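Colleague: Handing you this structure, nothing more for now.
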Amino acid sequence: MKILFVSPEGLPFSKTGGLADVVEALPRSLVAMGHQIAVLLPRYRGNQASRTVLPSLSIPLGHRMRFPAIAEAGTFEGVRYFFVDDPAYFDREKLYGDQSGDYPDNPQRFAELSRAAIEFAKQVWMPDVMHCHDWQAALVPVCLRTIYAHDAAVNHLPVIFTVHNLGYQGLFPRTALALAGLPEDLFRTDALEYYGKVNLLKGGLVFSDYVTTVSRKYAQEMQTAEFGCGLEGVIRSRGNRVVGILNGVDYAAWSPETDTNIVATYSAKVMDGKRLCKKDLLATFHLPSDNLGRPLIGIVSRFVDQKGFDLIAQVASELMKEDLAIVALGNGDAKYEKLFQELGKKYPARVGVKIAYDNIVAHKIEAGADMFLMPSRYEPCGLNQIYSLRYGTAPVVRATGGLDDTVEPYDARTGKGTGFKFEQYDGAALLGCVRQAMAAYRDLKQWRTIQMNGMAKDFSWKASAGEYVKLYDAARQARVQMAAASSNP
Ligand code: ADP
Ligand code: GLC
């Protein structure tokens, strides 16, 4: 099967979060199963292209035309990469916005990505299925079913739309519709209208053949008022066309046996290297080596409300009464950067903080920490807790979304379980859970069992890629049936 991925970010070219990891690893896995995959991304600053495929596409955006090029980046691990090349839109410092907020022309930028994807399919690489990711690619199904509804070259194309995070919806004033080159009649409650605004994510939910999200639990949660971010009704209305498929991880990049970013490799059989990694991690964060004897909690995250760090703020002084140390890597909202920086200042011998995006340090934390903390308010899937399992670093997580699906609570009586979970979204629950992990850590034998249980888990992409293939087939079938029904009324 030929599958075209359309995404606003993807490794090895661009990344702000887990979406980029998914858009790199899932295509590779599909290629290994014998499928042909092309990935279309915006050409951001620094992205190298190898040739121009189409020098100029004509994309109507409102009263203007734009003329982006399509460039080919190359083939990596069997996956072909193409860019929508429009320097004025994408050759910028960041992907989605800067210090002053989101880029104001985001509706046009990502309308261009989506329209260009359809033209790319028509003119260069016709797929059997389109797989679109997040609100930035949501206009692919919207345009296919409206503007392109009478274009026989593409109107049959099945679309899978994957929601990686309902918290980001592409919500704009009504004027965005014209700016994005969309017809005014899409401003309807059964289309893109959302409480007087234009909601691009909603378009993806309504017009795609299947909606997927990145864990089973989040697929249920997103249909409730608590987690649905106002779109729960729309999602529920899609019935069994909403499917949860757990993300896998790329163990080629995230395994302690082969990781080139850490000072010593190790495996479940020979764990000695992990202690060297801990020593190196403490040095990286300028923490004294007496912390070697204490449980070291690692954090790697975007610093945003979703990730639950306000719970740490609630109980910071209680938490620091425990005999533990913390290393935190992340950046984002100023209030959380400040929270961690202040903790670092107050406890300089036990709390190390780096406000940055740093992939090497992220790997060092996975390997060198004893526990990995993710107290998320909600988490569609979460990748770091899955990486942690492989590195023998016990996850301490809130039982939500993918965190709940991937971490099994440790039970001292049975010796089963891979980490520690709490339900209630409050600081006391987090504290209780950390204390539970600390108690297990003090018992060397128990701790080793938890590490071994986690390291033995397999969250590679193979199984999940197979589930996507089934869905691609189902979407193709559904389109064939619809076409048959419309030609035999
Ligand atoms: P999300 O996509 O919501 O940010 P995930 O857990 O799915 O959460 O994925 C986060 C990805 O981004 C992981 O690969 C993680 O290692 C990486 N990451 C997040 N913050 C940083 C950072 N400050 N430095 C390096 N890598 C980071
Ligand atoms: C989102 C979610 C995260 C998920 C990632 C990849 O950014 O916040 O939970 O793992 O997408 O699907």
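The values are calculated or read from the model by the stated rules, or taken from the named source; none is laboratory data. If you're wondering where the values come from, they're calculated on a predicted model, not measured in any experiment. With ideal geometry, Cβ positions are generated from the backbone for all residues, glycine too; neighbour counts draw on all protein chains shown. Ligands, DNA and RNA are excluded from the accessible area calculation, which covers all protein heavy atoms including side chains. Shrake-Rupley method; radii C 1.70, N 1.55, O 1.52, S 1.80 Å.
Colleague: Counting Lys and Arg as +1 and Asp and Glu as -1, each charge on the Cβ, what is the dipole of the chain about the Cα centre in debye, to the nearest 20?
Modeller: Using only the charged Cβ atoms, the result is roughly 540 debye.
Colleague: Normalised by the number of residues in the chain, what is the relative contact order in percent for Cα pairs under 8 Å and 6+ residues apart?
Modeller: 12 percent.
Colleague: Calculate, for Ala313 and Glu467, the FRET efficiency according to 1/(1 + (r/R0)^6) with r their C-beta to C-beta distance and R0 45 Å; round to the nearest 0.05.
Modeller: 0.75
Colleague: Of Val315, Val263, which has the most accessible area with a 1.4 Å probe, and how do the rest follow in descending order?
Modeller: Val263, Val315
Colleague: Just name one of Met130, Phe172, Val397: the one whose Cα is farthest towards the positive end of the charge dipole of the chain (beta-carbon charges, Lys/Arg +1, Asp/Glu -1).
Modeller: Val397
Colleague: Calculate how large, on average over all directions, the projected area of the Cα convex hull of the chain is; give the answer in nm² to one decimal.
Modeller: Its Cα hull, projected and averaged over all orientations, spans 23.0 nm².
Colleague: So what's the net charge close to Thr265: Lys and Arg +1, Asp and Glu -1, counting the other residues with Cβ under 15 Å from its Cβ?
Modeller: Residues close to Thr265 contribute a combined charge of +2.
Colleague: Shape verdict for the range 240-381, please, from the Cα gyration tensor: rounded (a/c under 1.5), prolate (a/b greater than b/c) or oblate.
Modeller: Taking the square roots of the gyration eigenvalues as a ≥ b ≥ c, the range 240-381 is oblate.
Colleague: Do any trypsin sites (Lys or Arg not before Pro) in the range 63-136 lie in a loop, going by DSSP, with at most 13 other beta-carbon atoms within 10 Å of their beta carbon, and if so which?
Modeller: Lys94
Colleague: Using alpha-carbon positions, what is the distance between the centroids of the range 9-88 and the range 348-386, in Å?
Modeller: With the range 9-88 and the range 348-386 each reduced to a Cα centre, they are spaced 29 Å.
Colleague: Karplus couplings for the range 381-393 from phi (6.51 cos²θ - 1.76 cosθ + 1.60, θ = phi - 60°), rounded to Hz, Gly and Pro as x?
Modeller: 9, x, 10, 4, 5, 6, 4, 4, 3, 5, 8, x, 10
Colleague: Counting only protein heavy atoms, what percent of the accessible surface of the range 36-161 is carbon or sulfur at a 1.4 Å probe?
Modeller: Taking all protein chains in place, the range 36-161 shows 48 percent carbon and sulfur surface.
Colleague: Related question: Could you name the lysines in cross-link range of Lys269, using Cα to Cα under 30 Å and dropping any fewer than eight places away on the same chain?
Modeller: Lys278, Lys279, Lys364, Lys416, Lys421, Lys445, Lys457, Lys462
Colleague: Let me check against my output: what whole-number percent is the relative contact order of the range 272-458, with C-alpha pairs under 8 Å and at least 6 apart?
Modeller: RCO, the range 272-458: 21 percent.
Colleague: As a check on your grasp of the helix formula, calculate [θ] at 222 nm for the chain: sum -39500 (n - 2.57) over DSSP H runs of n ≥ 4, divide by the residue count, round to the nearest 500.
Modeller: -11500 deg cm²/dmol
Colleague: Let me ask another. Using only protein heavy atoms and a 1.4 Å probe, report how much of Asp305 is accessible, in Å² to the nearest 10.
Modeller: Its heavy atoms expose roughly 70 Å² to the probe.
Colleague: Specify whether the C-alpha gyration tensor of the range 399-480 places it in the rounded, prolate or oblate class, a ≥ b ≥ c being the square roots of the eigenvalues: rounded for a/c under 1.5, otherwise prolate if a/b is larger than b/c and oblate if not.
Modeller: oblate
Colleague: Within the accessible area of the range 272-458, what % is carbon and sulfur when the probe is 1.4 Å and the other protein chains stay in place?
Modeller: Accessible surface attributable to carbon and sulfur in the range 272-458 totals 51 percent.
Colleague: Let me ask you something else. Any idea what angle helix 310-321 forms with the longest principal axis of the chain, computed on alpha-carbon atoms, 0 to 90 degrees, nearest 10?
Modeller: Relative to the chain, helix 310-321 is tipped by roughly 10 degrees.
Colleague: Could you name the aspartates and glutamates whose alpha carbon sits less than 12 Å from that of Lys94, not counting residues in the same chain fewer than 8 places away?
Modeller: In chain and number order, the partners are Glu9, Asp102.
Colleague: Bin width 10 Å, alpha-carbon pairs only: give the P(r) of the range 325-424 as whole percents, running from 0 to the bin holding the largest distance.
Modeller: 15, 41, 36, 7, 0
Colleague: Moving on. I need the shape label for the range 272-458. Rule: rounded when a/c is under 1.5, else prolate if a/b > b/c, else oblate, with a, b, c from the alpha carbon gyration tensor.
Modeller: Note, shape of the range 272-458 comes out rounded.
Colleague: Continuing with this model, one more query. Solvent-accessible area per residue for the chain at a 1.4 Å probe radius, Å²?
Modeller: Per-residue value: 40 Å².
Colleague: Can you sort Met130, Met65 by 1.4 Å-probe accessible area, starting with the largest?
Modeller: From most accessible down to least: Met65, Met130.
Colleague: Order these peptides, 431-437, 32-38, 197-203, 269-275, by their mean beta-carbon neighbour count within 10 angstrom, highest first.
Modeller: Peptide ranking by packing, descending: 197-203, 431-437, 32-38, 269-275.
Colleague: Summing +1 for each Lys or Arg and -1 for each Asp or Glu, what net charge is found among the other residues whose Cβ lies under 12 Å from the Cβ of Asp91?
Modeller: Here the count lands on +2.
Colleague: A follow-up question, please. Among DSSP beta bridges lying fully in the chain, give the percent that are antiparallel, nearest 5.
Modeller: Restricted to the chain, the bridges split so that about 30 percent are antiparallel.
Colleague: Among all the lysines, which ones have a C-alpha under 18 Å from Lys335's C-alpha, if same-chain residues fewer than 8 places away are not counted?
Modeller: Lys307, Lys345, Lys346, Lys354
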